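Shown next, in structure tokens, is the structure this report addresses.
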Amino acid sequence: MSEHGSGPSGQDGRGPTAPQEPGDTVWRLRSRACWQEAAELLRPAAERDPGAALGRAELLIEQCLFTAAHWPQAEQALRLAEAVVSTTEQRAAASCARGFLAYVASVLGPRDRLDEAQAALGRTSALLPPDAPGRPLLDFRRGLVAENLLRDPTAAWIAYRRAHEGAGERGDELLRSYTWRHLAALALATGDHDRAREGFDASLRLREQLGFTVGVAPALAALAEVVEPDEAVRLRAEAARLVQALGGVPVWLARQLSAVRPPVTPPDGRVGREARGTIS
């Protein structure tokens, strides 16, 4: 589903929407599903500072990912970011965010935007040198498209492995929490329960250590797929409590766990039909 700026505890690197200035406060709000409040903190600087504009856009795209709503706000913030960027790296970051928004909209939104997602991520790749800091995030998002839109697990695995290794080299533990989980999901699909459990457990551990509260429930639910039945019941109950405490997000997980009343779906029923499995 991810990640600009410094992460918690001064991490360097990018995660599927790593927090921007003012840093710790934005991170705390974001990690507790308070994307609107975090975005408001960035609003004053966003009209003149490309970094703040990109960070704000990423926050609001992540809100779409967890809520399957607020699409116009994310689109507006991304257009602002696209208008104020000036360097090649910034243009690549904006293009990567564009590809991610199109991906999220394809999975959870009212229409298929696969072509837009592929085109934007292709532009990002053309703008970035092989060793650029934004490469791991780009690889991760290309893996998402391959896994969930193109249904190509081999291409997804290759992209996730590159993202996983790149995130490790950069010390981006938030992005690694995502790559661990997706690699584990692909392992589970092939029947490798041991590797799947290792990956799901590592993802959960990282999210708990980082304090990425909004991402803990999906990690708990994923781990529940590969443990003994009694432990699975406990993990799902804990995930459901977290979802309820955060106001019913992620909405796709809330639906799966029956933790809260399901959200109203778009006219084509896309949330109910496609929001299954590891989408972010």
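The values are calculated or read from the model by the stated rules, or taken from the named source; none is laboratory data. All values reported here derive from a predicted model rather than from experimental measurement. Note that each Cβ is placed from the backbone with ideal geometry, even for glycine, and that neighbours are counted across all protein chains shown. With ligands, DNA and RNA removed, areas are computed over all heavy atoms of the protein, side chains included. Shrake-Rupley method; radii C 1.70, N 1.55, O 1.52, S 1.80 Å.
Quick notes on this one:
- Members of the range 197-214 that are more than 19 Å from Gly168 (Cα to Cα) and either open to solvent by less than 50 Å² (accessible area, probe 1.4 Å) or not in a helix (DSSP H, G or I) (or both): Thr213, Val214
- Residues that are of a type outside the set (Val, Ile, Thr) and open to solvent by 20 Å² or more (accessible area, probe 1.4 Å) within the range 215-235 comprise Glu225, Glu228, Pro229, Asp230, Glu231, Arg234, listed in sequence order.
- Total residues in the range 178-190, condition more than 18 Å from Gly134 (Cβ to Cβ) and open to solvent by less than 50 Å² (accessible area, probe 1.4 Å): 8
- On inspection, Leu29 does not qualify as part of a helix (DSSP H, G or I) and within 18 Å of Leu108 (Cα to Cα).
- Pair list, Cβ under 6 Å, 6 or more apart: the range 25-50 residue within 29 Å of Gln209 (Cα to Cα), other residue among the acidic types (Asp, Glu): Leu29/Glu37
- Residue within the range 50-64 that is open to solvent by 30 Å² or more (accessible area, probe 1.4 Å) and either closer than 18 Å to Ala120 by Cα or in a helix (DSSP H, G or I) (or both) present: no
- Candidate set from the range 65-76 (those that are more than 13 Å from the chain's Cα centre (by Cα) and not in a helix (DSSP H, G or I)); member that is surrounded by the fewest Cβ atoms within 10 Å (Cβ to Cβ): His70
- At least 3 residues being at pLDDT below 95 is the threshold, and among the helices (runs of 4 or more DSSP H) wholly inside the range 228-280 those reaching it are 251-257, 270-274.
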